[in-house]
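The values are calculated or read from the model by the stated rules, or taken from the named source; none is laboratory data. Here the structure is a predicted model, which is why all the values come from computation and not from measurement. Virtual Cβ from ideal backbone geometry, glycine too; neighbours counted across all protein chains shown. Heavy atoms of the whole protein, side chains included, go into the accessibility calculation; ligands, DNA and RNA do not. Shrake-Rupley method; radii C 1.70, N 1.55, O 1.52, S 1.80 Å.
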Amino acid sequence: MREPVLAPSILSADFADLAGALARVEASGATWLHLDVMDGRFVPNLTFGAKTVADLRARSSRLYFDAHLMTVEPERLAPEFAKAGADAVTFHVEACVHAHRLVREIHDAGAAAGVSIVPSTPVSALSELLPDLDLVLVMTVDPGWGGQRMIESCLGKVSELAERRRKAGLKFRIAVDGGINGANAPEVVAAGADVLVMGSAFFESPDPAALAASVLALRSPY
Ligand code: DX5
Ligand code: ZN
C-alpha cells in the first residue's frame with residue numbers, strides 16, 4: 001500500500017503569480033504539480049503553452065511536473081512539453097488516433113507517458129495501450145474548468161483499472177482529476193487512485209499543508 005500523491009493544479013492559481021503558486025505547492029508538502037494545458041478546441045477554455053512550463057521548471061523546483069494536455073492533435077504538442085521540462089505528459093485518447101506512436105515519442109523525449117479518458121469514455125478504450133503507459137488519468141468531470149462537481153460514477157472506472165493492473169501485473173499509476181476535495185478524497189483513494197489532482201480545493205484551502213497531510217495519510221486497498 002503506497003502513499004498517494006497529491007497533484008495540485010495551477011489552473012486554480014493566480015495566473016499573474018505562478019511562481020508564488022509553485023512555492024505554495026512546495027510548502028504544502030505536495031510533491032507533484034499538475035499543469036492543465038487547454039487549447040480552446042478539445043475543451044472550450046484556453047490556458048498556457050510549453051514556455052510557461054519551461055519558465056516554471058527554471059525556478060529549480062523539485063516538484064514532479066505532470067502536464068495534462070486537453071488539446072486536439074496532441075502529437076503536435078506533446079514532445080514539446082517533455083522538452084520544456086514536464087516529467088510526465090498525458091494526452092487524451094479521444095483526441096489521438098495513433099496513440100502507441102505518441103506514447104513512444106513522449107518516452108523518446110524523456111518523459112513518462114500518460115493517457116486520459118473523459119467521463120463518457122470506457123476503460124476498454126485503453127485496453128491495447130495499458131502495458132505501455134506510466135499513467136492513466138481518469139477524468140471525473142468533463143474537462144474545461146476547475147471547480148466542477150465530481151461525477152461519482154466515474155470512480156467505478158478507477159477500480160476497474162486497479163483490478164486490471166493487478167491481474168495483468170502492470171505498473172501504471174492511476175490519477176483522478178475533477179472535483180476532488182478533502183471530503184471526497186478518502187472515497188477516491190478507496191476506489192484505487194494513486195494520484196489525486198486537486199485544483200480549487202487546494203488553492204482555496206485556508207491550510208494547504210493540513211489538506212496535503214490528510215490526503216497523504218490515506219491508503220488504497222490496491
Ligand atoms: C479540469 C482540469 C482539472 C482541474 C481540476 O478540466 O483537467 O485538472 O484543474 O480542478 P478542480 O479540482 O477544481 O476540479
Ligand atoms: Zn487536469
(request) Among the aspartates and glutamates, select those whose C-alpha is under 14 Å from the C-alpha of Lys51, and discard any that sit fewer than 8 residues away in the same chain. (result) Asp36, Glu80
(request) Whenever you get a sec, compute what percent of the accessible area on the chain sits on carbon and sulfur atoms (1.4 Å probe). (result) 50
(message) Looking only at the range 5-216, where both bridge partners belong to it, what percent of the DSSP beta bridges are antiparallel (to the nearest 5)?
(response) 5
(request) Among Ile106, Leu46, Ile117, flag the residue with its Cα farthest along the positive direction of the charge dipole of the range 16-136, charges on Cβ as +1 for Lys/Arg and -1 for Asp/Glu. (result) Leu46
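For the chain, give the magnitude of the charge dipole about the Cα centre (Cβ charges: +1 Lys/Arg, -1 Asp/Glu; no others), in debye to the nearest 20.
Details: 20 positive and 27 negative charges, 100 e Å.
Its charge dipole is roughly 480 debye.
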(request) Could you let me know the centre-to-centre spacing of the range 171-202 and the range 1-75, using Cα atoms, in angstrom? (result) 16
(message) With the cut-off at 1.5 for a/c, could you classify the chain from its C-alpha gyration tensor as rounded, prolate or oblate?
(response) rounded
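On a full-extension model of 0.36 nm per residue, what is the gain between Thr52 and Val97, subtracting their alpha-carbon distance, rounded to one decimal in nm? If you can, show how the numbers build up before the last one.
On the way: separation 45, 0.36 × 45 = 16.20 nm, distance 2.72 nm.
That pair, Thr52 and Val97, stretches by 13.5 nm at full extension.
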(message) Below 23 Å, Cα to Cα, which lysines can Lys171 reach? Residues fewer than 8 away in the same chain don't count.
(response) Lys157
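Taking only protein heavy atoms into account and a 1.4 Å probe, give the accessible area per residue of the range 5-216 in Å².
Working: 8800 Å² over 212 residues.
With the other protein chains kept in place, the range 5-216 gives 42 Å² per residue.
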